[in-house]
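J.: Pasting in a structure now, in structure tokens, and then I'll have a few things to ask.
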Amino acid sequence: MSPRAIIFDFDGVILDSVRVKTVAFAKLAEPFGETAVSRMVAFHEANGGISRYLKFEWFFREILGRAITDAESSDWGERFQDLALQGVLEAPYIEGAREFLDTWHSRIPLFVASGTPNDELEIIVNRRGLETHFREVHGTPRKKGEIVRDLLGRHGLGQEEVVFIGDALTDFDAAAECGVPFIGVRAEDADVFPEGTRVIPNLHRLEEAIRSI
């Protein structure tokens, strides 16, 4: 395959930053006890790639037994960003990621579809010096499937001409929803994806995996 564009998730695909956000969720849940922390972390890890605000809603509904208010959601969002942003800015690249971006961004358009809030994502991309590597970056509140469909439509891309690179089942689902080929990135627990999914441990082997589609 010779794609006309590639769409990347960000955390766990470009930056090795998933652990940073796991710790931030745990910190938010700490005042509610060890069980609350364990359940929050488990839910986060089982639902990588969805908006943090949906995870906050789940925590209040399932752990605290009530709906989260708009004020609480905003407060948790600000606190989460305070806890996680610096860690993400300092996180190492996934192996092979920077090299791949340096080589491929001049060949074809590269895009980001992330579960990180859009304004925060733009800050991270700019401060990591990646603003020239991606044609566009998109985060929440839009869901990834919506982002992918929008990119296909606006850039005149066929489903078979694009590859989605992600590390979570939500990424796989977004690609499947849009009929786009998918490659998973998992150093471990590759069975998070359905059997038969192309999975690579890092981006050193991404070009090879793309050409094998």
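The values are calculated or read from the model by the stated rules, or taken from the named source; none is laboratory data. Every value quoted in this text rests on a predicted model; they were computed, and no experiment measured them. All Cβ positions, even for glycine, are placed from backbone atoms using ideal geometry, and neighbour counts span all protein chains on display.
J.: Would you mind telling me which numbered condition in (1) surrounded by fewer than 20 Cβ atoms within 10 Å (Cβ to Cβ); (2) at negative phi; (3) more than 18 Å from the chain's Cα centre (by Cα) residue 65 fails?
T.: Unmet condition: (2).
J.: Output the qualifying pairs, or none if there are none: Cβ atoms under 7 angstrom, residues six or more apart or on different chains, first residue in the stretch 38-63 and more than 22 Å from residue 189 (Cβ to Cβ), second residue surrounded by 15 or more Cβ atoms within 10 Å (Cβ to Cβ) and of a type in the set (Phe, Trp, Tyr).
T.: 56/76
J.: Can you tell me which residue within the stretch 72-111, out of those that are in a loop (DSSP other than H, G, I, E, B) and over 20 Å from the mean Cα position of the chain (by Cα), is farthest from residue 2 (Cα to Cα)?
T.: 106
J.: Of the conditions (1) within 18 Å of the chain's Cα centre (by Cα); (2) surrounded by fewer than 16 Cβ atoms within 10 Å (Cβ to Cβ); (3) in a loop (DSSP other than H, G, I, E, B), residue 119 clears all except one; give me its number.
T.: (3)
J.: Looking at 207, 136 in this structure, which one is under 25 Å from residue 89 (Cβ atoms) and in contact (Cβ under 8 Å) with a residue 24 or more places away in the chain?
T.: 136
J.: Just a yes or no: is a residue in the stretch 102-118 out of contact with any helix residue (DSSP H, G or I) (no Cβ under 9 Å at 6 or more places or on another chain) and within 30 Å of residue 32 (Cα to Cα)?
T.: Yes; the residues of the stretch 102-118 include at least one that is out of contact with any helix residue (DSSP H, G or I) (no Cβ under 9 Å at 6 or more places or on another chain) and within 30 Å of residue 32 (Cα to Cα).
J.: May I ask you to verify whether residue 145 is within 21 Å of residue 53 (Cα to Cα) and in the same structural domain as residue 187 (by TED's automatic domain parsing)?
T.: Considered against the rule, which asks whether it is within 21 Å of residue 53 (Cα to Cα) and in the same structural domain as residue 187 (by TED's automatic domain parsing), residue 145 comes out as yes.
J.: Could you identify the single residue in 26, 5 that is of a type outside the set (Asp, Glu) and in contact with a Pro (Cβ under 6 Å, 6 or more places away or on another chain)?
T.: From the options 26, 5, the qualifying one is 5.
J.: Can you confirm whether the stretch 176-190 contains a residue that is at pLDDT below 95 and in a helix (DSSP H, G or I)?
T.: The answer is yes; a qualifying residue exists.
J.: Here is a follow-up. Please verify whether the stretch 27-43 includes one or more residues that are of a type in the set (S, T, N, Q), in contact with a helix residue (DSSP H, G or I) (Cβ under 7 Å, 6 or more places away or on another chain) and over 30 Å from residue 213 (Cβ atoms).
T.: no
J.: Can you confirm whether the stretch 87-101 contains a residue that is farther than 24 Å from residue 206 by Cβ and either in contact with a Gly (Cβ under 8 Å, 6 or more places away or on another chain) or not aliphatic (A, V, I, L, M) (or both)?
T.: Yes, the stretch 87-101 contains a residue that is farther than 24 Å from residue 206 by Cβ and either in contact with a Gly (Cβ under 8 Å, 6 or more places away or on another chain) or not aliphatic (A, V, I, L, M) (or both).
J.: While we're on this one: Quick one: in the stretch 142-158, which of the residues that are part of a loop (DSSP other than H, G, I, E, B) and within 13 Å of the chain's Cα centre (by Cα) is surrounded by the most Cβ atoms within 10 Å (Cβ to Cβ)?
T.: Only one residue fits best here, namely 143.
J.: Could you please give the count of residues in the stretch 1-48 that are of a type in the set (Lys, Arg) and farther than 27 Å from residue 198 by Cα?
T.: Residues that pass the stated criteria total 2.
J.: Among all residue pairs at least 6 apart or on different chains, which show Cβ distances below 7 Å where the first residue, located in the stretch 1-30, is over 30 Å from residue 159 (Cβ atoms) and the second is aromatic (Phe, Trp, Tyr)?
T.: 24/80; 28/76; 28/80; 29/59
J.: Which residue is farthest from the chain's Cα centre (by Cα), if the candidates are limited to the stretch 159-172 and must be crowded, with 17+ Cβ neighbours inside 10 Å and assigned to a helix (DSSP H, G or I)?
T.: That would be 161.
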